[in-house]
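Chemist: Below is one structure. I have some questions about it.
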Amino acid sequence: MSMLGLRKTGCGIEVYSCDTQKTHGTLRMSATRPGNDSFYSPVTLEPSCMLQEESDTKLTWVNDRLHVCASLNLKDSCYGYSARLHVQGSGCTIIRLIWELPDDNTYFPFVPAFMYGDNKGGASPWSTYPQLEFSGDRSYHKPWAAGEWLVRTDRSSHGFTSMIGSSYAYAMGGRDICLYADGSTAQKTGIGVSTSQLHRISFSLGYCNVPYTYSTVSGRNYFCRPDGYVNLDKGDVTADIHLYIKSNTDFFSSISELLRKYYWLSHDAVIGEGTVKEAVDAIAQALVDYGYCKEAKNYHITLSDRAESINQDKEYSFNSAGLPSGYLSLIKESV
């Protein structure tokens, strides 16, 4: 990958190859406040400054009316950029970093475990799962088909969104939560993917389900709920993200490399070495600490119909697809 450069252009920051001057799209920032249908009228943040020091670059966007300032601290990497997205201000908001990619009608939208191309599959007229379909208007009668989908980051198995073109593969993603300065969780993060005609991907602090909730629950069709916003009155919010740019010579090789790269970027390295016994003990303790539901008196996994309150003196088996498994033999402490 050749050296990348950044320069201000209009309401965004252009990413380009220094040697060929080829553009790799434009980075923009928007903010959304709570309100009915507010996400379809986001407020644009204007780029205010760009500070560069060796391989580090700090980009800043502001909106004085909303009292919001967002910054992106970029570091060069072998795959594009590693970055920290930081926002400060007041009130509840969703800050969305949008990467508008170069025109290419061959883009294959790819969000692992969520979106593969346009997700049309067999093109059944009765399908109601998320699909990409370019249209100038929002379709109230078919909300699961839209030009762009926005969901929580953890809807992707690898925490990224991407578009694979004929010449380049582009991706953006990060952890599924953003944090306050004290390390506490501020909110879930979000990602977005669009059709080739719109050719944009996004990552946000806070999240929303647009145009339709992922589960397609009746009555929750459109975005108007405040539960995905970050509360800036509680402090500044940050998230580490990665911007990936790679020349594409083979579609399947690009997909494979992208999956491998983001897996290692989004997972903590194994700390130290241990024995099988220590691993079993850790899994058992995790089940005790996080897997048991006191109200239901069972674990958060399919149990047999005769499951009762569980303690170390009773050995009921987990039952998944009719296959008993002996997880309870790992439990060493009563719950």
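Chemist: Show me, bin by bin at 10 Å from 0, the whole-percent P(r) of segment 166-217 based on Cα pairs.
Modeler: Going from the shortest bin to the longest, the percentages are 20, 41, 28, 10, 1.
Chemist: Next question. May I ask for the percentage of alpha-carbon pairs in segment 6-129 that lie more than 26 Å from each other?
Modeler: Every Cα pair in segment 6-129 considered, those over 26 Å come to 37 percent.
Chemist: Would you calculate the separation in nanometres between label points at residue 128 and residue 181, each defined as 7 Å from the Cα along the Cα-to-beta-carbon direction?
Modeler: Taking the simple label geometry, residue 128 and residue 181 are separated by 4.7 nm.
Chemist: Where does each of 110, 134, 160 land when they are ranked from fewest to most other beta-carbon atoms within 10 angstrom? The partial results should precede the final answer.
Modeler: Working: 110 23, 134 14, 160 28.
Going from sparsest to densest Cβ surroundings: 134, 110, 160.
Chemist: Given the pairs 58/246; 58/120; 188/277, which span a C-alpha to C-alpha distance of over 31 angstrom in this model?
Modeler: Where the Cα-Cα span goes over 31 Å, the pairs concerned are 58/120; 188/277.
Chemist: List the GluC sites (Glu not before Pro) in segment 1-85 that DSSP assigns to loop (not H, G, I, E or B) and whose Cβ has at most 11 other Cβ atoms within 10 Å. Which are they?
Modeler: Those satisfying the criteria are 54.
Chemist: Between residue 297 and residue 52, what FRET efficiency comes out of the Förster formula 1/(1 + (r/R0)^6) with R0 = 51 Å and r the beta carbon distance, rounded to 0.05?
Modeler: Numbers: r = 59 Å, r/R0 = 1.15.
E(calc), rounded to 0.05, equals 0.30.
Chemist: Note down the nm distance, to one decimal, between modelled labels 7 Å out along Cα→Cβ at residue 76 and at residue 44.
Modeler: Label at residue 76, label at residue 44, 3.1 nm between them.
Chemist: Same structure again: How far apart, in nm, are the 7 Å Cα→Cβ label points at residue 21 and residue 236?
Modeler: Inter-label distance under the simple model: 3.7 nm.
Chemist: From a point 7 Å beyond the Cα of residue 67 in the direction of its Cβ, which residues of segment 78-92 have a backbone N at a distance under 12 Å?
Modeler: Only 89-92 pass the distance filter.
Chemist: When a/c is below 1.5 the answer is rounded, else prolate if a/b is larger than b/c, else oblate, so apply that to segment 4-266 with a ≥ b ≥ c taken from the square roots of the Cα gyration tensor eigenvalues.
Modeler: Oblate is the answer for segment 4-266, as a/c is 1.5 or above yet b/c matches or exceeds a/b.
Computed from the coordinates by the stated procedures, all read-outs in this text should not be read as laboratory data. Here the structure is a predicted model, which is why all the values come from computation and not from measurement. So basically every Cβ, Gly included, is an ideal-geometry build from the backbone, and we count neighbours across all protein chains shown.
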